[in-house]
Amino acid sequence: MSKPRKSKQVVPDSSLFASEPLAITPRLLTIPQTARYLSSTVWAIRQLQWSRAVPFIKLGARILFDINDLNKFIDAQKVGAR
């Protein structure tokens, strides 16, 4: 009598099914995110919005800032060395 054969179990490569989320850097930032990005307060960001010192996007009731506009604002605010 022959021995029963063990079936070989095939295990799929786990890298094919990786469920890691893609790292996406947002282009538009909320007011709190903008405050963190500029190392500032939410109140200061709202003042920039109200004075229209930085362009913003109004999406429904949400106020969003484009990170490219924030970078231009930062460059414009730099004070040169003497």
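Below is a table of values for the structure above.
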{"quantity": "Check on GLN49, out of contact with any Ser or Thr (no Cβ under 7 Å at 6 or more places or on another chain) and either modelled with pLDDT under 95 or over 19 Å from ASP69 (Cα atoms) (or both)", "calculated": "no"}
{"quantity": "Filtered residues of segment 25-81 (kept if in contact (Cβ under 8 Å) with a residue 24 or more places away in the chain, in a helix (DSSP H, G or I) and in contact with a strand residue (DSSP E or B) (Cβ under 7 Å, 6 or more places away or on another chain))", "calculated": "ILE31, THR34, TYR37, ILE67"}
{"quantity": "Extreme residue, surrounded by the fewest Cβ atoms within 10 Å (Cβ to Cβ), among residues of segment 38-60 that are touching a Leu at 6+ places or on another chain (Cβ under 9 Å) and among the hydrophobic types (A, V, I, L, M, F, W, C)", "calculated": "LEU59"}
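The values are calculated or read from the model by the stated rules, or taken from the named source; none is laboratory data. Given the structure is predicted, the values throughout are model-derived calculations rather than measurements. Positions of Cβ are generated from backbone atoms using ideal geometry, with glycine treated the same way; all protein chains shown enter the neighbour counts.
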